[in-house]
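The values are calculated or read from the model by the stated rules, or taken from the named source; none is laboratory data. Not measured: the values here are computed from a predicted model. Cβ placement follows ideal geometry from the backbone for every residue including glycine, while neighbour counts extend to all protein chains displayed. Keep in mind that these areas ignore ligands, DNA and RNA; they rest on the heavy atoms of the full protein, side chains included. Shrake-Rupley method; radii C 1.70, N 1.55, O 1.52, S 1.80 Å.
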Amino acid sequence: MATLIHTLADHSDDVNCCAFSSSCLATCSLDKTVRVYSLNGFSELPYSPLKGHTYAVHCCCFSPSGHALASCSTDGTTVVWDARDGRALAVLQQPGSSPVRVCRFSPDSTYLVSGAADGSVALWNMQSLKLYRSGNVKDGSLVACAFSPNGNFFVTGTSCGDLTIWDDKMRCLYTEKAHDLGVACCDISSEPVSGGEHGFRHFQMASCGQDNQIKLWLIFSVDSLGVELKYQCTLNGHSAPVLSCAFSWDGQMLVGIQRDYSALLFKPPFFGGFSHITFFICRYVTTCVFAPCSPLLATGSMDKTVNIWQVDLMQPCAGNTLEKKSELAVEDWSEDDVSAWLCAQDLEDFVGLFKRNNIDGKELLNLTTESLTNELKIESLGLRRKVLQKIEDLRMKTCSVAVPVPDEFLCPITRELMKDPVIAADGYSYERDAMENWLSNKRRSSPMTNLPLPSPLLTPNRTLKMAISRWLETQQK
């Protein structure tokens with residue numbers, strides 16, 4: 001199903017992103033480098049590593065031809081490299097010089113999009129290597145981006161949870177609140193979906209976020225002026241925030257990377273649900289990507305490694321868990337789902353009673369001794385205790401879901417949990433080391449607003465440090 005075939009361990013810090021071309025694999029890291037490997041034996045190319053960035057590299061991507069490679073960094077730049085010899089072709093300074101979180105080539109290699117922590121979106125002309133258009137999202141940092149297969153539009157995602165569709169002239173066509181706790185990644189299938197209620201060719205998109213969900217969407221033209229994003233379904237059953245998602249080259253598989261060290265591979269509709277396979281990966285995984293025209297999957301991790309997997313959904317591997325249907329979150333259970341659960345718990349005698357009282361998942365979790373006695377009229381003390389014990393077990397399982405790190409506890413520069421937060425003259429809090437490095441590079445502007453800093457003074461934020469410490473204690477209980 002998903003067999004580990006190779007591990008790359010050349011980076012000296014967390015791996016943030018991986019990208020395939022038809023012949024190479026690129027990886028980038030907090031260690032400020034980009035490394036490039038041949039798919040023939042996964043040997044590192046002679047010109048690798050690429051060392052053009054002065055801060056952590058957050059994202060990398062190949063042009064569709066594979067001749068160019070782009071990488072973006074906290075240093076506020078996107079570098080375009082010649083993938084054949086490693087030469088830096090251009091250093092593109094983000095408008096506002098804010099840390100750049102994501103970059104993507106258009107399908108015809110005409111444009112390159114870069115998105116930054118201050119919400120700025122830059123569209124670069126790849127022929128002139130100059131800025132073509134720029135814009136800004138309404139709120140939050142821009143952290144995700146995906147082009148449509150025809151190149152007519154692209155989608156961006158933000159830390160505030162918004163998905164925005166832009167055309168190739170940088171006009172905002174549509175905005176949707178998608179994930180309450182922030183978007184982490186989005187990807188558009190290369191295979192369009194034909195037909196549908198609007199009679200147009202649709203594009204299927206997946207988005208994932210800190211709310212433990214992968215959502216599927218359809219993007220379609222509504223008239224000659226724009227497009228619309230239509231919610232399709234949610235792939236529930238995740239036990240932790242989903243940090244990355246990617247379609248396979250043929251659109252037949254979707255992978256989602258969870259914060260709890262596991263990946264879920266989905267195969268589209270199977271008896272109304274989605275078949276999925278769970279396989280486990282060491283330490284906190286940050287990124288995933290499928291190879292073009294190949295069953296290879298790469299995952300990058302905070303253990304500084306990149307794992308290469310051989311994926312085959314036709315022949316499940318021993319030891320992997322195959323489920324014909326994704327597990328719904330309990331609060332999303334229907335009355336029929338509750339009935340099935342009762343039968344599984346040897347409580348089938350209560351199916352009729354629960355159905356008559358319209359007990360769905362949300363109602364099930366709210367049942368108490370009083371409601372079982374007074375509303376459902378279960379007179380036997382022993383039966384009430386048995387039902388309540390099963391419900392309590394279900395509540396414990398539901399509450400065991402990993403809690404995402406509050407955004408205010410993350411350094412705006414590194415997007416990592418702060419250990420020694422300080423307040424800068426712009427009023428924002430940063431990790432001390434990150435802000436000192438920012439200032440030592442002779443930067444005198446705010447990483448958040450790009451306005452001049454009236455003073456380089458950094459003041460310890462003891463209140464925030466205590467709040468982070470208390471939050472960490474609650475996670476260890």
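Taking the options THR373, THR414, name whichever one is at pLDDT below 85 and β-branched (Val, Ile, Thr).
THR414
State yes or no: is LEU173 buried (at least 16 other Cβ atoms within 10 Å of the Cβ) and under 22 Å from SER73 (Cα atoms)?
no
Restricting attention to segment 100-137, and to residues there that are within 20 Å of the chain's Cα centre (by Cα) and open to solvent by 30 Å² or more (accessible area, probe 1.4 Å), which single residue is modelled with the highest pLDDT?
Once the filter is applied, the top-ranked residue is ARG104.
From (1) more than 20 Å from PHE203 (Cβ to Cβ); (2) touching a residue at least 24 places away in the same chain (Cβ under 8 Å), pick out the condition that doesn't hold for GLN93.
For GLN93, the exception is condition (2).
If you go through segment 14-25 one residue at a time, how many are out of contact with any Lys or Arg (no Cβ under 7 Å at 6 or more places or on another chain) and either in a strand (DSSP E or B) or crowded, with 24+ Cβ neighbours inside 10 Å (or both)?
Count: 7.
Among the residues of segment 420-433, write down those that are in contact (Cβ under 8 Å) with a residue 40 or more places away in the chain and either part of a loop (DSSP other than H, G, I, E, B) or among the aliphatic types (A, V, I, L, M) (or both).
Across segment 420-433, the qualifying residue is only ASP420.
Any residue in segment 82-89 that is buried (at least 24 other Cβ atoms within 10 Å of the Cβ) and out of contact with any Phe, Trp or Tyr (no Cβ under 8 Å at 6 or more places or on another chain)?
No, segment 82-89 has no match at all.
Scan segment 361-383 and tell me whether some residue there is charged (D, E, K, R) and open to solvent by less than 70 Å² (accessible area, probe 1.4 Å).
No, that holds for no residue.
For segment 414-432, how many residues are among the hydroxyl-bearing types (Ser, Thr, Tyr) and under 21 Å from MET302 (Cβ atoms)?
Number of matching residues: 2.
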